[in-house]
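Shown next, in structure tokens, is the structure this report addresses.
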Amino acid sequence: MRVEREIVINAPRRDVWEWVADPSRYPTFMAGVSRWEQRSEQAAGVGARYLARFGVGSAPVGALIELVECDEPCDLAWTSVTGVEHRGRWRLRDAGPGQTRVRLRVAYQAPGGLLGVIADRVAAPMVARVIGQTLAELRGVVEQKAPARRTPRPRPAELVSAAVAVVRSGVLTPPPPARLPATVDAVRRWGLNPAAAVALSAARYPDAAAVVDQAGTLTYRQLDGRTNALAHGLAGRGVGPGTVVGLLCRNHRGFVEAAVALFKLGADVVMLNTGFSTSEVADVCRSEGVTLLVHDEDFAEAADAAGVDHIAVVGGDGDRRKGTLESLRVGGPETPPSAPPKPGRVVILTSGTTGRPKGAPRSQGGAEVAPAVGLFSRIPLRARDTTVIAPPMFHAWGFAHLLIGLSLSSTLVLRRRFDPAAVLDDIAAHRATVLVAVPQMLQRLLAVAEEEEGSGHDTSSLRVVAVSGSSLSGRLAQGFMDVFGDVVYNLYGSTEVAWATIADPRQLRAAPGTAGTPPPGTIVRIVDEQGIEQPRGRTGRIFVGNGMTFSGYTGGGGKTVLHGLVDTGDLGRFDVAGRLFVEGRADDMIVSGGENVFPREVEEVIVSHADVADAAVIGVDDEEFGQRLAAFVVPRQGASITPDEVRVHVRGRLARYKVPRDVELLEELPRNATGKVLKRQLGGGGDDGS
């Protein structure tokens, strides 16, 4: 396998050569390298040897390196003598006046057989990412735009923990010998993506339940065959590599089947929010270049208005109406379609809580494997779990667990709309071991459970309640665990960076409100406005790096990148134990009378009141102070609280300038389909305490 990348550096070739020709300097800019020590009397040129130690993903490897070519100032090549077998080459060429085109190539030999196929699929994206980071760091040090800095690697203990967790999860359990050929074919055909996950699960557990929804149960054998047939039908409609298909569906088998079939064709898939208005659907289809829209029947009006070809998901298996997804599938061949030349992309839209949603693309390939290893090390997910996915699967959190569940050959329990009592029914009926939710869902589940007072649903089978999507208050986490057990795992991340930190039940008990610590393979840094890393206890901007960070929005632009780490847009701090606390969005920070106030801190205090169910704090214009705090408070059912009582409660716990002047009581806060508060819909006008 050979992987190469190139970059243009604004410096003469001689300046670049000074860095490239001296391997002892490689640890200062080569991503993942911790050692490149001279091991021969000859310090440079052909025949010079070095002991190198570096990492790809989360695995440290070493080798004795010998330089085999040195053509100053054009080419430098090395090969391994012992250790991991590979070859590398620097190639420098003039790109224009004062510019140098630099290419770095790495070639390596993978083992044969199934392990070799998997190794190639896993390693290639990681190697490409490392090469890209190396070139970017080299450009930084040569152009003196950034200080040289080695990317931190996971500690050995973390690596061991991650490896043990992956083995424990069962994802690497080999199939029975009779099913090995089908397993090899699935990996060779699809790589490491959701299409392969379904085919692999069908080979390993053909008669196991894959999807359970309100229409019944599909086994993995059925899901694989049905998605093959649907892929052939979609191909007949012109869908293939490069086709951009929008998916506008709620949580049911139609969503899963359409997504997997599109993955098998190598199409690009845009996940549309089912809460979008008709005009928003049309706007996203236009901005993302959607040419075909797959949608639930009740979104037919929005599909018509979008002005693109569309296919409805309606009826059931016997529905053959022309123009429906079922008509394309029923009767089609269940043999696998031809493998696409490369995986397509999945475009997840940002929540749009503070503006227009933007598309964040991700490859369907294997680049996400390394950080997923870290995820398994922190959240005890297992092969053949029964997982209730409550959040919408068009959202990053719901979609992530669709992919994880398929990869683990889990049984996925789905409902079109979230209903807390129905979710508790599903957990009890199917003995679910995993529940995926957002914080607002936990609040509603807890309310139902408290009404039942222990005489209702049996949820003792739950081992994991995986939560993300918005901030989880310490009070809610502890209250939920008091009723359902210590099973909550809170993940902090974003559409752009996937996950950053994970808080397990022990951390949520010890430090209520924490977002936890980074899993292996993920780097989190707190920096100030000058990009200087901050010590523990000091607030700054949160930057994240892992194999899931995106490269830019589909419409152009992106997040600020610092040393390969992506700006989340949030502010936070690490405590003395290294646990992250997220203060809130950087653009949500309120400056009142010259003092900085983070809304989340005030919100946490307000919801700690026994009579408060929910709260949101924003800044509103103020002639005297620039901004003042306005709180929107939802009382608990049957409780009574006044604006003055809210202010007194905050005043007794926070500084005076953090006490909301405006307090408005609401029946509920405006939230989007994933539970995030739509603060742009909140305004002043409540009791101002005067």
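The values are calculated or read from the model by the stated rules, or taken from the named source; none is laboratory data. Predicted model, so just to flag it, every value in this text is computed and none were measured. Heads up, the Cβs are rebuilt from the backbone with ideal geometry, glycines too, and the neighbour counts pull from every protein chain shown.
Restricting to region 447-468, count the residues that are touching an Asp or Glu at 6+ places or on another chain (Cβ under 9 Å), over 13 Å from residue 489 (Cβ atoms) and hydrophobic (A, V, I, L, M, F, W, C).
Residues of region 447-468 that are touching an Asp or Glu at 6+ places or on another chain (Cβ under 9 Å), as a first pass: 457, 463-464.
Remaining after also requiring over 13 Å from residue 489 (Cβ atoms): 457.
Within this subset, residues satisfying the condition of being hydrophobic (A, V, I, L, M, F, W, C) are none.
Residues flagged as touching an Asp or Glu at 6+ places or on another chain (Cβ under 9 Å), over 13 Å from residue 489 (Cβ atoms) and hydrophobic (A, V, I, L, M, F, W, C) within region 447-468 amount to 0.
Out of 313, 294, which single residue is buried (at least 23 other Cβ atoms within 10 Å of the Cβ), under 29 Å from residue 408 (Cβ atoms), in contact with a helix residue (DSSP H, G or I) (Cβ under 8 Å, 6 or more places away or on another chain) and modelled with pLDDT of 95 or more?
Step by step, each of 313, 294 is checked, and only 294 is buried (at least 23 other Cβ atoms within 10 Å of the Cβ), under 29 Å from residue 408 (Cβ atoms), in contact with a helix residue (DSSP H, G or I) (Cβ under 8 Å, 6 or more places away or on another chain) and modelled with pLDDT of 95 or more.
If I filter region 588-597 down to residues being within 23 Å of residue 633 (Cβ to Cβ) and surrounded by fewer than 23 Cβ atoms within 10 Å (Cβ to Cβ), which single residue comes out as modelled with the lowest pLDDT?
Of the residues in region 588-597, the ones within 23 Å of residue 633 (Cβ to Cβ) are 588-593, 595-597.
Then keep just the ones that are surrounded by fewer than 23 Cβ atoms within 10 Å (Cβ to Cβ); that gives 588-589, 591-593, 595-596.
Numbers: 588: 80, 589: 82, 591: 83, 592: 83, 593: 76, 595: 82, 596: 81.
Per the criteria, the residue is 593.
For (1) at pLDDT below 70; (2) more than 23 Å from residue 333 (Cβ to Cβ), each residue gets a yes or a no:
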site	(1), (2)
178	yes, yes
184	yes, no
190	yes, no
198	no, no
203	no, no
206	no, no
212	no, yes
216	no, yes
221	no, no
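Criterion first (in contact with a strand residue (DSSP E or B) (Cβ under 7 Å, 6 or more places away or on another chain) and crowded, with 23+ Cβ neighbours inside 10 Å) does residue 246 satisfy it? Outline the logic, then answer.
Working: in contact with a strand residue (DSSP E or B) (Cβ under 7 Å, 6 or more places away or on another chain): yes; crowded, with 23+ Cβ neighbours inside 10 Å: yes.
Answer is yes for this residue.
Could you grab the pairs with beta carbons closer than 9 Å, sequence gap of 6+ or different chains, first residue in region 326-339 and in the same structural domain as residue 223 (by TED's automatic domain parsing), second one acidic (Asp, Glu) and surrounded by fewer than 21 Cβ atoms within 10 Å (Cβ to Cβ)?
What qualifies is 326/317; 326/319; 327/319; 329/317; 330/317; 330/319; 336/185.
Just one of 227, 278, 219 is surrounded by fewer than 21 Cβ atoms within 10 Å (Cβ to Cβ), free of Cβ contacts under 8 Å to residues at least 60 places away in the same chain, assigned by TED's automatic domain parsing to the domain that holds residue 425 and under 23 Å from residue 337 (Cβ atoms); which is it?
On the way: 227 fails: surrounded by fewer than 21 Cβ atoms within 10 Å (Cβ to Cβ); 278 fails: under 23 Å from residue 337 (Cβ atoms).
Matching residue, one of 227, 278, 219: 219.
Find the helices (runs of 4 or more DSSP H) located wholly in region 430-511 whose residues include 3 or more that are more than 22 Å from residue 611 (Cα to Cα), touching a Cys at 6+ places or on another chain (Cβ under 6 Å) and touching a residue at least 60 places away in the same chain (Cβ under 8 Å), and list them. Even if it seems obvious, please write down each step before you answer.
Working: elements: 439-452, 474-484, 505-510.
Hits in region 430-511: none.
Taking the stated definitions as given, is residue 535 crowded, with 17+ Cβ neighbours inside 10 Å, assigned to a loop (DSSP other than H, G, I, E, B) and either modelled with pLDDT of 85 or more or in contact with a helix residue (DSSP H, G or I) (Cβ under 6 Å, 6 or more places away or on another chain) (or both)?
Values: crowded, with 17+ Cβ neighbours inside 10 Å: no; assigned to a loop (DSSP other than H, G, I, E, B): yes; either modelled with pLDDT of 85 or more or in contact with a helix residue (DSSP H, G or I) (Cβ under 6 Å, 6 or more places away or on another chain) (or both): yes.
Spelling it out, it is not the case that residue 535 is crowded, with 17+ Cβ neighbours inside 10 Å, assigned to a loop (DSSP other than H, G, I, E, B) and either modelled with pLDDT of 85 or more or in contact with a helix residue (DSSP H, G or I) (Cβ under 6 Å, 6 or more places away or on another chain) (or both).
Which members of region 363-394 meet the condition of being part of a loop (DSSP other than H, G, I, E, B), at pLDDT 90 or above and crowded, with 24+ Cβ neighbours inside 10 Å?
Listed by number, the residues that qualify are 381, 390, 391, 392, 393, 394.
If the Cβ limit is 9 Å and pairs must be 6+ apart or interchain, which residue in region 286-311 that is in the same structural domain as residue 257 (by TED's automatic domain parsing) pairs with which residue that is in a loop (DSSP other than H, G, I, E, B) and of a type in the set (D, E, K, R)?
287/356; 287/358; 292/237; 296/250; 296/416; 298/250; 309/237; 311/237
Name the single residue that is surrounded by the most Cβ atoms within 10 Å (Cβ to Cβ) among those in region 607-621 being among the aliphatic types (A, V, I, L, M) and either more than 16 Å from residue 478 (Cα to Cα) or assigned by TED's automatic domain parsing to the domain that holds residue 439 (or both). Steps first, please.
Filtering region 607-621 down to residues among the aliphatic types (A, V, I, L, M) leaves 607, 610, 612-613, 615-618, 620.
Narrowing further to those that are either more than 16 Å from residue 478 (Cα to Cα) or assigned by TED's automatic domain parsing to the domain that holds residue 439 (or both): 615-618, 620.
Working: 615: 25, 616: 24, 617: 30, 618: 20, 620: 19.
Checking each candidate, the answer is 617.
Residues 232, 252: which one is within 13 Å of residue 325 (Cα to Cα), at pLDDT 95 or above and surrounded by fewer than 24 Cβ atoms within 10 Å (Cβ to Cβ)?
Working: 252 fails: within 13 Å of residue 325 (Cα to Cα).
Just a single option satisfies the conditions, and that option is 232.
Within region 675-690, is there a residue that is free of Cβ contacts under 8 Å to residues at least 40 places away in the same chain and crowded, with 18+ Cβ neighbours inside 10 Å?
From region 675-690, those free of Cβ contacts under 8 Å to residues at least 40 places away in the same chain are 681, 685, 688, 690; that's our starting set.
Retained after the next criterion (residues that are crowded, with 18+ Cβ neighbours inside 10 Å): none.
Within region 675-690 (the criterion being free of Cβ contacts under 8 Å to residues at least 40 places away in the same chain and crowded, with 18+ Cβ neighbours inside 10 Å), the answer is no, since none of the residues qualifies.
If I ask for residues that are within 17 Å of the chain's Cα centre (by Cα) and either within 18 Å of residue 257 (Cα to Cα) or not assigned by TED's automatic domain parsing to the domain that holds residue 200 (or both), which ones from region 409-442 would you list?
none
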